[in-house]
1. Once neighbouring chains are kept in place and the probe is 1.4 Å, which whole percent of the accessible area of the chain is contributed by carbon and sulfur?
2. Mind ordering 80-87, 92-99 by average Cβ neighbours within 10 Å, highest first?
3. Calculate, for the chain, the solvent-accessible area per residue in square angstrom, rolling a 1.4 angstrom probe over the heavy atoms of the protein chains.
4. For region 41-89, what is the Kirkwood estimate of the hydrodynamic radius, computed as the reciprocal of the mean inverse distance between distinct Cα atoms, to one decimal in Å?
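The values are calculated or read from the model by the stated rules, or taken from the named source; none is laboratory data. Only a predicted model underlies this, so the values are computations on that prediction, with no experimental measurement involved. Here the Cβ positions follow ideal geometry from the backbone for every residue, glycine too, while neighbour counts run over all protein chains shown. Note: accessible area is taken over every heavy atom of the protein model, side chains too, but ligands, DNA and RNA are not part of it. Shrake-Rupley method; radii C 1.70, N 1.55, O 1.52, S 1.80 Å.
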Amino acid sequence: MQLTGIPFGVTDWADVPAAEHPGEQGRAYWRSRQFGDIRVRMVEYTAGYLADHWCEKGHILLCLEGELHTELDDGRVFILTPGMSYQVADRAEAHRSRAPQGAKLFIVD
């Protein structure tokens with residue numbers, strides 16, 4: 001990944017409007033910024049959230065609060081707690097998220 005053409009800047013995430021994304025269960029609230037080809041998001045999942053799709057997009061994801069359960073399409077499940085992260089490439093392994101108690105994440109993709 002090349003980070004080019006992005007001047008120094010500061011983001012106050014509280015000032016970025018949240019877009020609501022319903023899941024199969026629960027809701028996700030995304031605060032997103034775009035920097036060239038790079039999308040950066042602060043995402044909050046409500047308690048009981050379950051994604052409504054299998055994602056094939058690559059991400060670098062950091063769990064800030066709560067607990068995130070990430071299921072891969074081969075059946076493996078990984079549980080992230082605050083301070084843990086995962087990374088996956090585009091079209092590498094389909095995955096979906098669940099947040100039984102809710103979660104707050106920082107995601108770069």
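1. Ligands and nucleic acids excluded, carbon and sulfur give 51 percent.
2. 92-99, 80-87
3. 61 Å²
4. Result for region 41-89 stands at 11.8 Å.
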